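Working notes, beginning with the structure itself.
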Amino acid sequence: MTTPPSVPLNSELSAFIESAVPSVWALETLLLLLRDREQSWGVDRLVAELRANVTLVNDCLVGLQRGGLVIGEDGTFRYAPASPTLAALCDDLETAYRERPVAVVNTIARRRPDPLKGFADSFRFGGWKS
């Protein structure tokens with residue numbers, strides 16, 4: 001039995017989504033890389049798989065790298081969380097998106113571009129890397 005979509009996500013997962021997943025495109029990019037954890041992906045292959053454009057995919061990858069979720073090597077990218085905490089949050093995110101996609105998308109959409117909050121969140125997000 002799955003959790004009803006009206007039940008909010010737990011606060012730690014919501015905070016992670018708000019800090020590390022700026023868009024549904026970034027979410028889809030992360031989940032694609034997460035599904036095949038050992039696979040390295042070239043940008044062109046990601047563009048084709050996601051049906052996106054190069055600029056969009058590159059922007060997503062830059063953000064995911066900055067967040068310690070993805071690493072780039074020799075023009076390819078793969079899922080590589082910087083800590084066990086980040087790995088657990090990504091697993092929780094994958095489950096939540098599968099079971100309650102509306103709740104996850106609503107959490108992403110709720111995100112407001114506030115430079116001061118973004119600055120403060122970067123310190124909090126950095127704490128998840130340890």
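Ignoring ligands, DNA and RNA, what percent of the 1.4 Å accessible area of the range 28-68 is carbon and sulfur? Within the range 28-68, the accessible surface is 44 percent carbon and sulfur. Inter-part distance, the range 82-110 to the range 1-77, computed on C-alpha centroids, equals 10 Å.
The values are calculated or read from the model by the stated rules, or taken from the named source; none is laboratory data. This structure is a prediction, so every number in the text was calculated from the model and none was measured. The protein model used for the area step is the full one, side chains on, heavy atoms only, and it has no ligands, DNA or RNA in it. Shrake-Rupley method; radii C 1.70, N 1.55, O 1.52, S 1.80 Å.
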